[in-house]
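Below is one structure, written out as structure tokens; the observations come after it.
The values are calculated or read from the model by the stated rules, or taken from the named source; none is laboratory data. Not measured: the values here are computed from a predicted model. Here the Cβ is made from the backbone with ideal geometry for all residues, glycine too, and neighbour counts use every protein chain on show.
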Amino acid sequence: MKPFEIVGWSTRRWAVCVLVAGLLAGILSATALAQPSNDFRAVYLNNGILSTGIGLDGQVGIGGTNYDAIGRITLGTVQGARFTTDDDNKPLIFTYPYPCGNFGVVTVRIVTADGTENLIWGSGDGEWVDGIEPFADRSGRYMIVGRWRHPDTNIRVDQVVELVGAYARITWTITNEDVETHQVGIRFLIDEEVGSGFNVTTPDYVLVPGYFPVQNDLDLQGGLVPPYVDAAPRRTMNAPILRWLFKQSGLTIPDRVVISQFSRLAASLWDFTSIPEMEITDHAIASYWNPQSLAPGKSRTIVTMIGLGTSTNDPSGRYALDTESPGVVGLDASKANQLSPEEFTISASVTNYLSLNSLQNVAFEDVSLAISLPRGLALADGESITKTISTILPGEVATVSWRVKPTGEKVGELTYRVYSTVSPGSLSKSVSRTLIVPMTAKIDLKTGFQMVSLPFAFDNADPAAVLGLEQGDFALLRWDSAQRRYTLVNNVRPGEGYWLRVNTDQTLTLNGAKIAGDAFGGTLRLPLPQGWVQIGNPYPYPVPIGLIRFIDTTQGIAISFADAVQRGLVRSVLFYYDTTPPAGYRLISLHSDPSALMMPGRGYWIFADNRNLEMIFPNVVATGATISFPTRLSVAPVRWQVQFSAQSEDKQDATAVIGAASRAVDGIDLYDMPKPPAPVEESVRTVLIAPDGQSALAQDIRADGTRRQVWEMVVSAPKPESTVVLRWNGMQSVPSSLRLKLVDTEAKVTRDLRATSSYTFTVGASGSRRFQIVAEPRGSAGLRITSLRVTRTRGGAVAISYALSDSASAKVRILNATGKVIQTLQAGEAASRGVTNLTWNGRDGAGIAVPAGSYLIEVTATSEDGQTARAVQPVVITR
């Protein structure tokens, strides 16, 4: 056997092999490491973005240890992300480009009546089907196919590794060729080593959405399996980023995902017990697809994808579309737009899938790709929205790119979308991706008051110096919890919120602004006095509220936001003032959405129940990905809730919430939210009056149950005689066993909250109106017309008798055969529960006798809370 061989069949294939061999040497040279022994064979793919390989036989010797190569998988970059050279020729799996050991290994677990076997796919415990080793497509750019069978159980596992843009898609098809039923599962273990050399282990930054960076064993099963796992050399890195996708259309969600120390995960081919307290210094990731029963002749398919977190991919259908961009834009005060880079590249790729059945392969022609950018991003000069590719052959990937620049008009998470259409067939799809643009020192201000934060540190923190304004041209106020009033601010600090008033619409550049501390590697702490506190995100990047922590200074222990709420230290809702018309308070809630972002530059209200508390703002979690949270962070204690908003002219208050929770009580508790202090300027205001008749609440959550409850709410307008529109949403969360109605106690009007979604009224001279929101058990059928009887009398008249299940207003009309109303007997008069009797004399509304023929008696009843019921009965008039 040759010391080193890459398998191929032709001169054309050999050229590809030479390219890969050069790549191997390049990596070794770049890392300045001794070359390991290379007594092995492997088959490789290289699509210009990624390279992957499967070991065929032999061993790789590293650090004095020989590792088997057969069946092992390796993965790394070639060009990698198109917008940077930082990830060119970098490993994603340890020992890349050498497939060996347990660094990228597939375990096949087979459970039979005789016991359980854990086998390495491709190993000598089995055999290659028909003696054919894994092989690549002729171009060596797209697909490696391997077919392996375990002869003792006749379980066959076909493995296909495809390079789909910036991802490797791995498909295992498990077939039971035996005469007995067996259970079969798959585990895939990788020793991620992003960007390091083949024998350099470094503790990378590993992110699971909804968790702090992983530093200890993390074992996620069932519904806790995340959408993906990211790994990067540093948390600020835009590239390289390894991403293992778990939840995406076309993929098979694992039953279990484990992140742990490589040496511990690799010690067994399957069994593993996590130790949450165990620190990780060399991250490895394992995904488990638990054994499932396979009857004779039946198959099971498992699909997963591993690649670059710099790319978002849609692999469904006849072709794959992916788009790629930096995840985070940096700050640079020396740049004209204060952002770095001032321009960057967004690319899009189309992969034309290659089928093993050549009759199914077709070349794509006239491929069109277009980009749609959000506010805050714009195409660079000379760029066009649409790009075209003339031809993409089967198995090829083609790429286009756009130069894009941040405009600074909008900050935070900005989502763009790429559209593609290929022919023949005019097959279309689109894919979106989100990147984060920081707030710069340029801020747009509107005339009047706005609640802001200034997420920077300043050498001269005097407000006039920071804003560059004269004292009379602005006002900067902050709530004093002890004095319970607004006071003037003398020094600007990151993490604090303020009311800022300017006299004209303008754009300011904050003087001497610099990032406070290390936004990506440190934390900032803010003391919280008891009561209402105005706060702000201290960083120019968004921060998810679910990752905020608190310290009870009497104990000195940091706890999560959710734990702080449970311990009664803080409330779970943050309020902010939105200046977008209609301007007013809005809220974000830890319980409803722990992934909600604290946006830079925006001020927030938080309520602290404890006076010995500090708020810890986490360093920015961003490896080029949107942060999402599993359900474990959303404690979801509220069974149902309805939110009310009141609007008058260009002002609004959307901070009145009622609901029920299993652990809540009818009195004031931690589920209830006090009402934040009123804005400096007069505005609409909705206030819930607590059951004690005194406390003003923004949220009143009662004990869950099907019984009658009444909430009192007062709505105030900025000035007397104003028209106010009261709206509500969330009724879909209310159990069907409950009926909710709004009662205007002054106008004596009732509205069913399911039947309607708003109520308009005019406040009087007092400028306010009082309401009741009543929840009560719903009858099994609600308002009904229980009977409708129509009979002819001897005198030619028609006797009508109907019965209602409850009091309502009733309309009784006579309709002719075409549906035209010819007579109205009741036009909405009150009708009591029970039977009502009426008589129709056979004449129309003008008193003229109607012609002989068929007519309809229609009864419509409407309850005071908006329920309706209708019944129709025919009658024949003869002359």
Next item on the list: Please state which one of Ile588, Ile606, Ile559 is modelled with pLDDT under 90, among the aliphatic types (A, V, I, L, M), outside any loop (DSSP other than H, G, I, E, B) and buried (at least 17 other Cβ atoms within 10 Å of the Cβ).
Entry: Ile559
Next item on the list: Could you list all residues from segment 541-556 that are among the small types (Gly, Ala, Ser) and surrounded by 18 or more Cβ atoms within 10 Å (Cβ to Cβ)?
Entry: Gly546
Margin query: Going through Val411, Val437, Val362, Val422 one at a time, which residue ends up being touching a residue at least 40 places away in the same chain (Cβ under 8 Å), surrounded by fewer than 20 Cβ atoms within 10 Å (Cβ to Cβ) and among the hydrophobic types (A, V, I, L, M, F, W, C)?
Written below: Val362
Notebook entry, point to check: Do you know which residues across segment 661-707 are part of a strand (DSSP E or B) and under 28 Å from the mean Cα position of the chain (by Cα)?
Noted result: Ala661, Met673, Ala698, Gln699, Asp700, Ile701
Checklist line | All strands (runs of 3 or more DSSP E) inside segment 363-411 with 1 or more residues being more than 28 Å from the chain's Cα centre (by Cα) and assigned by TED's automatic domain parsing to the domain that holds Ser428 | finding: 364-372, 386-392, 397-406
Next item on the list: Report, ordered by the first and then the second residue, all pairs with beta carbons closer than 8 Å, sequence separation of six or more or different chains, a first member in segment 444-458 that is over 22 Å from Leu526 (Cβ atoms), and a second member that is at pLDDT below 90 and outside any strand (DSSP E or B).
Entry: Gly448/Glu681; Phe449/Glu681
Note to self: Anything in segment 298-324 that is under 19 Å from the mean Cα position of the chain (by Cα) and among the hydroxyl-bearing types (Ser, Thr, Tyr)? List them, or say none.
What the structure shows: Thr310, Ser311, Thr312, Thr323
Notebook entry, point to check: From the list Leu435, Leu454, which residue is within 30 Å of Gly531 (Cα to Cα) and either touching a Pro at 6+ places or on another chain (Cβ under 8 Å) or assigned by TED's automatic domain parsing to the domain that holds Pro406 (or both)?
Noted result: Leu454
Check: In segment 792-818, what count of residues is obtained for those that are under 52 Å from the mean Cα position of the chain (by Cα) and more than 13 Å from Ile857 (Cβ to Cβ)?
Finding: 7
Note to self: Condition check: touching a Lys or Arg at 6+ places or on another chain (Cβ under 9 Å), of a type in the set (A, V, I, L, M, F, W, C) and more than 17 Å from Gly497 (Cβ to Cβ). Does Leu435 satisfy that?
What the structure shows: no
Next item on the list: Taking Lys820 as the residue in question, decide whether it is within 22 Å of Ala869 (Cβ to Cβ) and without any contact (Cβ under 8 Å) to a residue 60 or more places away in the chain.
Entry: no
Checklist line | Set Val466, Val452, Val437: member being among the β-branched types (Val, Ile, Thr), within 29 Å of Gly330 (Cβ to Cβ) and at pLDDT below 90 | finding: Val437
Next item on the list: Could you grab me the full set of residues in segment 562-579 that are of a type in the set (Gly, Ala, Ser), surrounded by fewer than 22 Cβ atoms within 10 Å (Cβ to Cβ) and on the phi < 0 side of the Ramachandran plot?
Entry: Ala562
Item checked: Filter pass, Ser355 being part of a loop (DSSP other than H, G, I, E, B) and over 30 Å from Leu331 (Cα atoms) -> yes
Notebook entry, point to check: For segment 630-660, which residues satisfy the criterion of being modelled with pLDDT under 90 and either small (Gly, Ala, Ser) or not in a loop (DSSP other than H, G, I, E, B) (or both)?
Noted result: Ser634, Ala636, Val638, Arg639
Check: For segment 751-774, which residues satisfy the criterion of being in a loop (DSSP other than H, G, I, E, B) and either out of contact with any helix residue (DSSP H, G or I) (no Cβ under 7 Å at 6 or more places or on another chain) or over 21 Å from Arg708 (Cβ atoms) (or both)?
Finding: Ala755, Thr756, Ser757, Val763, Gly764, Ala765, Ser766, Gly767
Check: Does segment 721-742 contain at least one residue that is under 27 Å from Arg833 (Cα atoms) and of a type in the set (Asp, Glu)?
Finding: no
Notebook entry, point to check: Which of the residues that make up segment 477-516 are among the hydrophobic types (A, V, I, L, M, F, W, C) and at pLDDT below 95?
Noted result: Ala482, Leu508, Leu510, Ala513, Ile515, Ala516
Notebook entry, point to check: Looking at this structure, is Ala564 under 21 Å from Gly210 (Cβ atoms), assigned to a strand (DSSP E or B) and of a type in the set (A, V, I, L, M)?
Noted result: no
Margin query: Is it the case, given these coordinates, that Val466 is surrounded by 20 or more Cβ atoms within 10 Å (Cβ to Cβ) and either of a type in the set (Ser, Thr, Tyr) or outside any strand (DSSP E or B) (or both)?
Written below: yes
Item checked: Residues satisfying the stated conditions in segment 833-871, i.e. among the β-branched types (Val, Ile, Thr) and either surrounded by 14 or more Cβ atoms within 10 Å (Cβ to Cβ) or in contact (Cβ under 8 Å) with a residue 60 or more places away in the chain (or both) -> Thr836, Val850, Ile857, Val859, Thr860, Thr862, Thr868
Margin query: For a quick check of your reading: which strands (runs of 3 or more DSSP E) sit entirely within segment 106-214 and have at least 3 residues that are at pLDDT 95 or above and within 36 Å of the chain's Cα centre (by Cα)?
Written below: 155-164, 167-176, 182-190
Next item on the list: Give the residues of segment 303-327 that are buried (at least 20 other Cβ atoms within 10 Å of the Cβ) and aliphatic (A, V, I, L, M), sorted by residue number.
Entry: Met305, Ile306, Leu308, Ala320, Leu321
